[in-house]
Every structure is written in C-alpha cells, then in structure tokens.
Amino acid sequence: GIYDVDAFEAALAGTVPENTLLSHDLFEGLFARAGLLTDVDLFEEFPTNYEVAARRDHRWARGDWQLLPWILGHARDVAGRKQKARIPTRGRWKMVDNLRRSLIAPFSFLLAVAGWVLPGVPSLLWTGLVVGSVAVPTFIPVLDGLVPRRWGISKRSHLRAVGRDITVALSQTLLVIAMLAHRAWLMVDAVVRTLGRLYLTKRNLLEWVTAAQASYGADLRLRAFYRDLRWGVVLAVGAGFLVVLLKPQAWPVAVPFVLLWVLAPVLAWRMSVPWKIAKKQILSSRETDSLRLIARRTWRFFEMFVDDEEHALPPDNFQEDPEPVEA
C-alpha cells in the first residue's frame, strides 16, 4: 500500500496488542482512513490451484473473525486497557458483513440438507433456493452484457460474447455447488479454530502462509486432493445417509448434489492441473502483417514521444502509421 508512515503510526499508536491481528487492512483503514487514487492499477496473481485458494479463504475467514473483540466492543489496547477508540458504525458493519460472508457456505449446506431430511418440507423448493442463491450472482454479468455498450459491434461477435458469459456463469455455478460441502467444512473450521485461539489458547493468531509458499511443491495428484478435501466428502456421505434413513422420497433431488460433493476433489484436481502448452502455430501472412503493424505503431509512439528523461503525451494531431512496415 501507499501511505504516510507518520500519520499511519499516529492513528494506530497503542491500538493493537502484539501478535493479535491477522486481517489488518480493513481495520487499519478505519483508523488511518484512505485517500482516493484513481490512476494506479494493482494486479494480484490468481492462486495456482484450488487448495491454495482454499487456504487463502481459510486465512481470510480467520482474520475476519479475529476482529470479533472490536465488533463486540471489548477489545484491549497495548496496555491491556479497554479500547477507547470508537469504531464508526459503517466500519463495524463492514466487519460484520465479512462474518456473514464466511457463513454463507455452511448455512447453504445446512439449508439443502434440511430440505432433504425434514418431514413436511418441499425438498425441491428448498434445493432451488440454494441453487438460486448461487446462480443469481454469477448470472448478473450475463444480464449486464446482453445490451452492447457501444455501436459498431457485429451481431455475431456480440452473440459470441454473450455465449461466453453464459458458459462462465454456468461453470461458476456448477463449481460453487460442487465445492459447497468442502467450503462449509472449511469455514466452520476457520470459525471454530479462531474462537478457540482468540478466547482460550491465545496462540497461533498470526498463522499465515503466502500463496507462493503454499503453491511451492504442491502435490497435484488426485489422491492428494481427496486427502485435502476429505471432510467435504465425509459431509456428503453423511448427508446421503441421512436422506436414506429419514426421508427416502427426497433421494432423487439429493443424489445429484451428493454425487457432486463426492466428486468435488476430482473437479478441484482437474482445475488445478496446468494446461498443456499448445502446439506451435504458423501464422498466416495476413496475421503476420497485422502483428507487425501493431508492433510498428507501438514502437513509433515511444520513438517520437519518449526519451530517457521525460514521458510526454502525444499531441492531438498524432497520426498512427497506416501501413504495415516490414520488421
């Protein structure tokens, strides 16, 4: 981040005891505030595989729940006194919303299983609520892209883009539902582990592994994924047994989800295995000319307007080279 060190330290001086705060960005922003910076783009690398992503989400959930003393108003400062600094209502709401987000997977799983095992409950309706809660957020970008944002786009290109959006939304919906049992266990483990450390052991509150360290030497074999996601499979099998014992008539509704949860390690493994490098392709003369034209335009811009010391913007009458130039 970019911040004024003196102002930052003054705002947070004596506020947090040592080794107690894992998720710090939201908390620090509430005390130190933040300025608007619109001309900088920040990029973060995606996790290399599903297990790395799961560990990151587990760490985020633990960090969010470690803010519970500040949410409830009984946090202590460095000297052990009750925290005097008042957290704004909006900031407290942001913290609570993070806790709510971490509980979505466990309660979605419980809602689905309850619809399958409780007597007198329409299983299909309750299952539809779970699927809808997952599908609606993923399909919002599809609705947003139905209407072209500018003129001049061919119908074929627009339909192709809409088709890609629908494919992505369906894929995301399927994957979220398939990983629901594992994520339910993951979030419950994060919450219980954090509350135990926070109020009982007071240890390992800063347990954290970087994404690079987590992905280094990762075991991408299928059995490794079944080992890491085993508790989600256990929950799936347990849910299946409950349906058979308590409400067998709901089995046709439950079986697709139970199978997905049991096969979740296979999907996670398939997503995590690197794609094979495509074979070398030979470009046509038209493609070669087009790429050379792009390269020439880019080179010409920097050749004309950039030197070793200054970076100047091009004038309004700058004309790109209209003809491809041999490299």
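Kindly evaluate residue 118 against the criterion of being farther than 25 Å from residue 167 by Cα and open to solvent by 60 Å² or more (accessible area, probe 1.4 Å). So residue 118 fits the description; yes. Residues in the range 1-24 that are without any contact (Cβ under 8 Å) to a residue 60 or more places away in the chain, within 20 Å of residue 78 (Cβ to Cβ) and among the acidic types (Asp, Glu) were compared, and the one that is surrounded by the most Cβ atoms within 10 Å (Cβ to Cβ) is 9.
Looking only at the range 137-191, count how many residues are of a type in the set (Lys, Arg) and in contact with a His (Cβ under 7 Å, 6 or more places away or on another chain). Qualifying residue count, the range 137-191: 0. Can you tell me which residues in the range 82-103 are within 22 Å of the chain's Cα centre (by Cα) and in contact (Cβ under 8 Å) with a residue 40 or more places away in the chain? The answer is 91, 94, 95, 98, 102, 103. Only a single criterion out of (1) open to solvent by 70 Å² or more (accessible area, probe 1.4 Å); (2) closer than 29 Å to residue 239 by Cβ is not satisfied by residue 109, namely (1).
Whether any residue in the range 296-308 is surrounded by 12 or more Cβ atoms within 10 Å (Cβ to Cβ), in a helix (DSSP H, G or I), among the hydroxyl-bearing types (Ser, Thr, Tyr) and at pLDDT 70 or above is what I want to check. Within the range 296-308 (the criterion being surrounded by 12 or more Cβ atoms within 10 Å (Cβ to Cβ), in a helix (DSSP H, G or I), among the hydroxyl-bearing types (Ser, Thr, Tyr) and at pLDDT 70 or above), the answer is no, since none of the residues qualifies.
The values are calculated or read from the model by the stated rules, or taken from the named source; none is laboratory data. Small disclaimer: the values here were computed from a predicted structure and weren't measured. Cβ sites come from the backbone with ideal geometry, for glycine too, and all protein chains shown count toward neighbours. For accessibility, only protein heavy atoms count, side chains too; no ligands or nucleic acids. Shrake-Rupley method; radii C 1.70, N 1.55, O 1.52, S 1.80 Å.
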